[in-house]
1. Can you give the extra length, in nm with one decimal, that the chain gains between residue 419 and residue 189 once fully stretched, where that is 0.36 nm per residue apart less the Cα-Cα distance?
2. Rounded to the nearest 0.05, what FRET efficiency is calculated for residue 287 and residue 56 with R0 set to 41 Å and r the Cβ-Cβ distance?
3. Could you let me know the centre-to-centre spacing of the range 207-264 and the range 349-370, using Cα atoms, in angstrom?
4. Are there trypsin sites (Lys or Arg not before Pro) in the range 221-267 that DSSP puts in a loop and that have at most 16 other Cβ atoms within 10 Å, and which ones?
5. For the range 120-191, which GluC sites (Glu not before Pro) are both in a DSSP coil and crowded by at most 14 other Cβ atoms within 10 Å?
6. Could you please put 295, 60 in sequence from largest to smallest accessible area, using a 1.4 Å probe?
7. Return the subset of 371/444; 61/215; 191/390; 179/371; 252/286 for which the Cα-Cα distance in this structure is over 31 Å, preserving the input order.
8. Just name one of 138, 184, 148: the one whose Cα is farthest towards the positive end of the charge dipole of the range 102-195 (beta-carbon charges, Lys/Arg +1, Asp/Glu -1).
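The values are calculated or read from the model by the stated rules, or taken from the named source; none is laboratory data. Here the structure is a predicted model, which means the values were calculated and not measured. For neighbour counting, all protein chains shown are included, and Cβ atoms are generated from backbone atoms with ideal geometry for every residue, glycine included. Heads up: the accessible areas ignore ligands, DNA and RNA and are worked out on the full protein's heavy atoms, side chains in. Shrake-Rupley method; radii C 1.70, N 1.55, O 1.52, S 1.80 Å.
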Amino acid sequence: MMSNQSTFFRELAIVSIWLERRSASNSDKGRGFNSTRDDSQYQRDRARIIHSASFRSLQSKTQVLGLGESDFYRTRLTHSLEVAQVGSGICEWLRDQSENAKWESLIPSFSLIEAICLAHDIGHSPFGHGGEVAMNTMMRDHGGFEANGQTLRIIARLGEFSQNCGLDLTRRTMLGTIKYPALYSATARYKKPEQTNSSTDGSPYLNIDHWSPPKCIYDEEADVLEWLLEPFNNPDRDLFLSLTTPERGHLKTLFKPFDTSIMELADDIAYGVHDLEDALALGLVKRDAWIATVSNVIAEMDDNLIKKSLNEYNTLLFSSSPKDRKHAISKLVGYFILHIQLSELDEFEDPMLRLQATMEPTAYEILLLIKDFVMQHVILRPELQMLQYKGQQVMVRLFDIFAANPERLLPVDVFADYEAQGYRAIADYLSNMTDVSAGKLYHKLLSPTSGSIFDRT
């Protein structure tokens, strides 16, 4: 009896650790809502994310295609909703497998995984990944800019639900958003170009290839990362924070938390399959290219459910009927979810790091094939790159203007932050904008006939 009680209280303590909020240990005491009713706490997290300004702004931020090109394709907001739906499907599938019974209590609830998935992109700047590179170009000597790092900054600092703790989410939800547990200063290793054509050396042009950010969080959030990792013992923590050093380029992280591994698979599925649907609906890809670079490769793989129905998929995907196309897309999503399993990393002791969601190799190879097809035939086509470059120029020019004229042009509250934080305040201000508001501000500052004293920025 005593043994059972000890186990109960030990498990209760473990649960409580992951339900803690940062406000419980600082000046925001009383806002922590630390309760052992875990799912109600994750529902609260999800609600705070949905009602945050950063989440709402995703409706006007680029996913792949630029805003205004069509009413059909996805924005960052619809993408995030789909990631949450796929993430819930993955957790349902994992929970239903009898071999996972011993881990059932650790598989995220729907509220938890949806909160993590809905939050995963809230740090993205305007104009997609191109905008992210532009922001990092301007911040590279001032702590960097990276979308995942900005996500944590919003959750921990900038969100509107707490004076000092941002959205003040539970520890487990926050940990689940950490894709890359490393600091900017530890990972950044740029290959300096022979000639830097950017606005910082007097030229209005920018080579977008030089300054892609490392995958990281900011040094300013080192204390947040330390708080998130408090439940782990020292060996687990040290291994989790370890880095690999490639021959060239930035250093990279090696590990991610259990919940994050589910979110990343959901993100990959949504990115690959749903962006393919957008490309098909808008006529951006041709059947011949699909057959040559995807279908024929799958045909040479080991037996799998996609290979057995290749002709059906090829017909449905390129049908003129949206219903046929949606049927094929739904089948693809289902196929990938049903080939996800739990595995263990023996190097870790804590199950929150030891457990990982992984996709069966053949299924993952097909998913990567689809993602690469979208990259090569949609994202990298010159027409889309021109739109991306234009968005980058907007962000670089705006940053340059405010960096040169902070007291004169920054809003009063932003200038107050600038005096305390320097360029980071400008990065926070601009990255929170949408494609639309950034474009309007650009014209307000640079077009003689645009803008009014009554405009809000």
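1. Numbers: separation 230, 0.36 × 230 = 82.80 nm, distance 2.83 nm.
Between residue 419 and residue 189, full extension yields an extra 80.0 nm.
2. Values: r = 38 Å, r/R0 = 0.93.
Efficiency at R0 = 41 Å is approximately 0.60.
3. Cα centroid of the range 207-264 versus Cα centroid of the range 349-370: 18 Å apart.
4. Working: sites: 237, 248, 252; in loops: 248.
Hits after loop and neighbour filter: 248.
5. Values: sites: 132, 146, 160; in loops: 146, 160.
Answer in residue order: 160.
6. Values: 295 5, 60 30 Å².
In descending accessible area the options line up as 60, 295.
7. Beyond 31 Å between Cα atoms: 371/444; 252/286.
8. Result: 184.
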